[in-house]
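Just below is one structure, and these are the notes that go with it.
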Amino acid sequence: MISLDTSILVRYVTKDHPRLSPLALEIIANNACFVSKAALMEMVFTLESVYRKSREEIVTALRTVFGLTTVRIESQGASAHAISCYADGMDFGDAMILASSAGADKVATFDRDFQRRASRIAATPRVEHFKV
């Protein structure tokens, strides 16, 4: 099994490079692959900030990676939950923190937007905003 870096994932989903995108496809198609939560988070950041992709396009890209038969995702259940929360409007990093906190009584934050977005979608565990 090989672990995939964000650069491979981004080239695979964007198909924007004439030499590297086909190589990314070949790597993924011909190997048992592992994708870490960190690589997913970095992929979302790159697609948002560098490629200026819409949330819908990014959700499609994430679900494409999830659907690859040669790919195993770290903490698949938590990662899938994070994608659902992101699709519902949460920041992906916040969504991954929330999804990775299963079993906790609550998530503590100083980030009011995180708390509001989590509350809006009735996310669990509950996100509690601590005022400064």
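The values are calculated or read from the model by the stated rules, or taken from the named source; none is laboratory data. Computed from a prediction, not measured in an experiment: that's the story for all the values here. Positions of Cβ are backbone-derived with ideal geometry, glycine not excepted, and every protein chain shown enters the neighbour counts.
Conditions tested, residue by residue: (1) without any contact (Cβ under 8 Å) to a residue 60 or more places away in the chain; (2) more than 19 Å from residue 123 (Cβ to Cβ); (3) buried (at least 16 other Cβ atoms within 10 Å of the Cβ).
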site	(1), (2), (3)
6	yes, yes, yes
12	yes, yes, yes
24	yes, yes, yes
31	yes, yes, no
42	yes, yes, yes
57	yes, yes, no
76	yes, no, no
81	yes, no, yes
Members of the stretch 1-56 that are assigned to a helix (DSSP H, G or I), under 19 Å from residue 90 (Cα atoms) and not hydrophobic (A, V, I, L, M, F, W, C):
37, 42, 46, 48, 49, 55, 56
Unique residue being surrounded by 14 or more Cβ atoms within 10 Å (Cβ to Cβ) and either of a type in the set (A, V, I, L, M, F, W, C) or in contact with a His (Cβ under 9 Å, 6 or more places away or on another chain) (or both) when the list is 108, 102, 118, 122:
118
Kindly indicate whether residue 68 is of a type in the set (A, V, I, L, M) and either assigned to a helix (DSSP H, G or I) or at pLDDT below 95 (or both).
no
Does residue 46 count as polar (S, T, N, Q), modelled with pLDDT of 95 or more and either within 16 Å of residue 6 (Cβ to Cβ) or surrounded by 15 or more Cβ atoms within 10 Å (Cβ to Cβ) (or both)?
yes
Those residues of the stretch 95-111 which are assigned to a helix (DSSP H, G or I) and touching a strand residue (DSSP E or B) at 6+ places or on another chain (Cβ under 8 Å) amount to 97, 98
